[in-house]
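First comes the structure, then the notes that go with it.
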């Protein structure tokens, strides 16, 4: 028993005294379960697939979706994911590496900021609240852009606030102003203009609250603005030079029109994020009542205005994403660091205000931490047992039989993770009705592929294939050509090349057929169609 107590005391001492030890523990917590589940469709498969296509094609400057330029989002996530895949292979946790790294960076940045302007115990508490929030932990385990941009926004706000406070206290501030500008530029490269708009709006509200014009001038220091432009502008300028119409599509359509329109998916009421934040930050949100007490906001208890900074940051993010009709849970991730800070402040204030109940509040906080961690672990395990549409298991059965020159075809759907799990080196033919009037005004995977094809019309014609064109290509193919057809259970009755064919492999949802072009195939599928060597050819 005594050795166990000695080890526990040593770990507790290291945890409290060593920032490196504490932040290493944070990293282990965030990474430990990242390998457990397959990629979730559509989002994880899409972003991992784009990164893989950039890597395998060697075209790292242009995001690629099925071989075509994909300009829904900027490239930073793809660059980081492609780098992780290059180093570690096509592993799920490598696809999630940008989110994992970003979550750890946000936690480390919050720890450093609070430790500088409060004390070590407050910094540890704020970070523990943050990393055990189920929504934050889930975002760290998810391969998309939301955690990356949330982290960079958080780091930008914290660096900018530190710049303002350094100048107010007469300490050197220019290096931190440059850091804030660089982080804002990276946030723009992560997800576009919100990387500048959200931290800028939060800081503007806080500085107005402080009546701190000099702080604003510090953030607008010309060398910092020049650094922001030098990092953020070149990629966008290069894409416009290569693909005329990029500015209109990326900035006007993807930013402003999609923000304002109501016809996209995931329409939710204005108040949607309030229950999301309350429910997905349990049990910490139960401490939220402390935020409603007037004494919590007394200036005497918050001389540098950090609580007001976090309040401005929280409200700006929630309000910004509440205005459009289309809402996704992950959009509100940038609100979690300030919320974690404020809830940790409530816990710390309760312990300091009532010395007699200090141990009780400490036990309540400890119980909350254990409960939050348990929720996170259970949620990941449940997600691992119920994968959403991944092709991983079927791909593992197909990959050993793939041969160079085989063509992969997807029927009336595009499994975004197909290239990732099969390691395909060539784009997939996607068979569907690509009539513009039936595609252009929808908000789904067809629209994404259709838009990508507009920037590379030749490639679009190659991979976006009508059923008639698919049949013609197969009937004109040389003998021995092989096609892997990914579809669903009843596709054999709808597509002529599959008539009478048994699936090569299958699961509860999908079927994969292997078709070989030979005389038997031509007699069965190509009656009346031109074939290789015929006059029609």
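Please figure out what share of the DSSP beta bridges in the chain is antiparallel and state it in percent, rounded to the nearest 5. Kindly include the intermediate steps, with their values, before the conclusion.
Details: 12 of 21 bridges.
Bridges in the chain that DSSP calls antiparallel: roughly 55 percent.
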Query raised in the report: What FRET efficiency do you get for residue 520 and residue 299 if R0 is 60 Å and r is their Cβ-Cβ distance, rounded to the nearest 0.05?
Result: 0.10
Report task. Please give the residues of the range 38-76, grouped as numeric ranges, whose backbone N is less than 13 Å from a label point set 7 Å along the Cα-to-Cβ vector of residue 386. Result -> none
Requested in this report: Assuming a ≥ b ≥ c are the square roots of the Cα gyration tensor eigenvalues, decide whether the range 305-453 counts as rounded (a/c under 1.5), prolate (otherwise, with a/b larger than b/c) or oblate.
Outcome: oblate
Report task. Would you mind pulling out the separation of the Cα centroids of the range 98-146 and the range 184-250, in Å? Result -> 23
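On full extension of the chain, what length is gained from residue 120 through residue 502, given 0.36 nm per residue of separation minus the C-alpha to C-alpha distance?
Working: separation 382, 0.36 × 382 = 137.52 nm, distance 6.48 nm.
Taking 0.36 nm per residue and subtracting the Cα distance, the gain is 131.0 nm.
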Report summary line: Ordering 503-516, 149-162, 377-390, 175-188 by per-residue average of other C-beta atoms within 10 angstrom, highest first, gives 149-162, 175-188, 503-516, 377-390
Query - Helix 146-168 axis, angle to the chain major axis (alpha carbon atoms, nearest 10°) - result: 30
Report summary line: Between residue 59 and residue 32, Cβ-based FRET efficiency (R0 41 Å, step 0.05) works out to 0.75
Report task. Would you mind checking the tilt of helix 43-57 against the longest principal axis of the Cα atoms of the chain, expressed as 0 to 90 degrees and rounded to 10? Result -> 70
**Report entry** Correct option for Kirkwood radius over Cα pairs in Å [calculated from the coordinates] among (1) 26.5; (2) 25.6; (3) 31.5
**Finding:** (2)
Query raised in the report: With r defined as the distance between the Cβ atoms of residue 251 and residue 90 and R0 fixed at 45 Å, what FRET efficiency is calculated, to the nearest 0.05?
Result: 0.85
Report task. Just need the relative contact order of the chain here, percent rounded to a whole number, with Cα pairs under 8 Å and 6+ apart. Result -> 17
Requested in this report: Averaging sequence separations of C-alpha pairs under 8 Å and six or more residues apart, then dividing by the length of the range 392-525, give the relative contact order as a whole percent.
Outcome: 25
Query raised in the report: Which of the peptides 67-79, 225-237 is most tightly packed, and how do the rest follow, going by the mean number of other Cβ atoms within 10 Å of each residue?
Result: 67-79, 225-237
Query - Peptides 54-64, 298-308 ordered by average Cβ neighbours within 10 Å, highest first - result: 54-64, 298-308
Query raised in the report: Mind checking the angle between helix 445-455 and the chain's longest principal axis? C-alpha axes, 0 to 90 degrees, to the nearest 10.
Result: 80
Query raised in the report: What spacing in nm lies between the two simple spin-label points modelled at residue 468 and residue 267, each 7 Å away from Cα in the Cβ direction?
Result: 3.5
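Please report the projected area of the range 13-120's Cα convex hull averaged over all directions, in nm². Walk me through the numbers before you get to the answer.
On the way: hull surface 33.5 nm².
Mean shadow area of the hull around the Cα atoms is 8.4 nm².
No lab work stands behind these numbers, since they all come straight from the coordinates. Remember, predicted model here, so these are calculated numbers, not experimental data. A quick note on method: Cβ atoms are made from the backbone with ideal geometry, for glycine too, and the neighbour counts reach across all protein chains shown.
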